[in-house]
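Asker: If you scroll down you'll find the structure; I have some questions about it.
Every number here is computed from the coordinates shown, using simple stated rules; none is lab data. Quantities reported herein were computed from a predicted structural model and do not represent experimental measurements. Cβ atoms come from the backbone with ideal geometry, glycine included; neighbour counts cover every protein chain shown.
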Amino acid sequence: MDKSSVFDIALRRYGGRLHIPALDSETAQVYAAYSRYFDGALKWASATNAHCDWVDNFQFNALATVARGHELIGMFSGIVIRTQQYFYCFLSDPSVLASIGNASSETPNVASLRSLGLQDPTIYARARAPTDPKRKNLADALTVCTVMCIFFHELAHTTRCHLPFYREVIGATSYLELPATELTPEESRLRILLELDADHFGAFNHLGFWRMLYEGLFGLSPIPLTAEECWCISVTMSFFIMGSFARRSSEHPSHPPPAMRYLHLINRALSQEHGMYVGPHDVATKGFKTVSDWWISNERPRGIRQDALSEEMFEELQALLREFEFEYWPKLETHIILREKSIAG
Ligand SMILES: [Zn+2]
């Protein structure tokens, strides 16, 4: 059975494989373009055993699983639509990145802002694009960067063997990025550590791939931010979006707070250029602040931790990384070695 059919069957309970030819031609082009990015990125990252496709599901979520020997990454089709909604609202706010384009011509997208963070498709209100063309182009570029951030994060769950490890410890056969049910304290602890690991390894590949894509896509029609500035805004937004779609009442969260995830990435993926994090005024914290200021000013989302980048958050992160290193790494490493051997053989 080919990979696409295995994918369709394995993800049937979530909607199965998105049938792109059935979509209107404009939407089909968007999904097909992303599918080409996914295939290119898998090749680029030498993840030859993995297969990524769209799941026909309007929600914001993603899933990593293994079926019939194939490592599968399911990106829910709602990811693109909803990420675009966030960035269209973001850049339709005249106070956001006010020096870019004619920001004063923008007006906040009130109806769409109200529906951000709600998975229910009946409440969803699509955002109109920013009116200034430069700001619209930037919003589109940030959408691409964010979707690829989520893809590389899922790929890292796969290549870092989080699936067999999670199965060994918890007994689950797939890893749904935003779990549908309440987690136990044990699951929550394990997932937070695995999320930091996926962020770390996902970010390295994402930044490298994004730089390449940025040159190819925007070399002729430049966008007003550097590849790295786009990357900082996109990863922050992806953490906030995941936080907003996660179960709100959860006492046992599935992910670390956005500020902690961002601090982790600054030190892992950007440290060569920017140096290690030294404090809340660090140059690499600018992207985080741009997103979190907008987020807080719009009081969204309900219920996620609004922690700022701080020394306390940094210490909390270091403690989690030490816990990962001592308690989980030796077991996880065994799975990684086994996977590499099985792919090579
Ligand atoms: Zn994850």
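Asker: Output the number of the condition that Tyr166 fails; it satisfies all remaining conditions of (1) free of Cβ contacts under 8 Å to residues at least 40 places away in the same chain; (2) within 15 Å of the ligand (Cβ to nearest atom); (3) within 19 Å of the chain's Cα centre (by Cα).
Answerer: Failed condition: (3).
Asker: Residues being more than 11 Å from the ligand (Cβ to nearest atom) and either closer than 22 Å to Tyr14 by Cβ or basic (Lys, Arg) (or both): count how many of those fall in region 189-204.
Answerer: Residues flagged as more than 11 Å from the ligand (Cβ to nearest atom) and either closer than 22 Å to Tyr14 by Cβ or basic (Lys, Arg) (or both) within region 189-204 amount to 1.
Conditions (1) surrounded by fewer than 23 Cβ atoms within 10 Å (Cβ to Cβ); (2) more than 13 Å from the ligand (Cβ to nearest atom); (3) part of a loop (DSSP other than H, G, I, E, B), marked per residue:
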| site | (1), (2), (3) |
| --- | --- |
| Arg135 | no, yes, no |
| Thr143 | no, yes, no |
| Met148 | no, yes, no |
| Phe151 | no, no, no |
| Leu155 | no, no, no |
| Ala172 | yes, yes, yes |
| Pro179 | yes, no, yes |
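Asker: Looking only at region 66-89, decide whether some residue is more than 16 Å from the ligand (Cβ to nearest atom), surrounded by fewer than 19 Cβ atoms within 10 Å (Cβ to Cβ), under 18 Å from Phe245 (Cα atoms) and not hydroxyl-bearing (Ser, Thr, Tyr).
Answerer: Yes.
Asker: Just one of the numbered conditions (1) surrounded by fewer than 21 Cβ atoms within 10 Å (Cβ to Cβ); (2) touching a Phe, Trp or Tyr at 6+ places or on another chain (Cβ under 9 Å); (3) assigned to a helix (DSSP H, G or I) is not true of His200; which one?
Answerer: In the conditions (1) surrounded by fewer than 21 Cβ atoms within 10 Å (Cβ to Cβ); (2) touching a Phe, Trp or Tyr at 6+ places or on another chain (Cβ under 9 Å); (3) assigned to a helix (DSSP H, G or I), His200 misses (2) alone.
Asker: Being hydroxyl-bearing (Ser, Thr, Tyr), away from the ligand (no atom under 11 Å from the Cβ) and over 22 Å from Glu323 (Cβ atoms) is the requirement here; does Ser221 meet it?
Answerer: Considered against the rule, which asks whether it is hydroxyl-bearing (Ser, Thr, Tyr), away from the ligand (no atom under 11 Å from the Cβ) and over 22 Å from Glu323 (Cβ atoms), Ser221 comes out as yes.
Asker: I need a count of the residues in region 90-133 that are surrounded by fewer than 17 Cβ atoms within 10 Å (Cβ to Cβ), touching a residue at least 24 places away in the same chain (Cβ under 8 Å), in a helix (DSSP H, G or I) and not polar (S, T, N, Q).
Answerer: 1
Asker: Just checking, does region 174-183 include any residue being in contact with a strand residue (DSSP E or B) (Cβ under 9 Å, 6 or more places away or on another chain) and within 22 Å of Thr334 (Cβ to Cβ)?
Answerer: Yes: region 174-183 contains one or more residues that are in contact with a strand residue (DSSP E or B) (Cβ under 9 Å, 6 or more places away or on another chain) and within 22 Å of Thr334 (Cβ to Cβ).
Asker: Scan region 73-81 and tell me whether some residue there is small (Gly, Ala, Ser) and in a helix (DSSP H, G or I).
Answerer: Yes.
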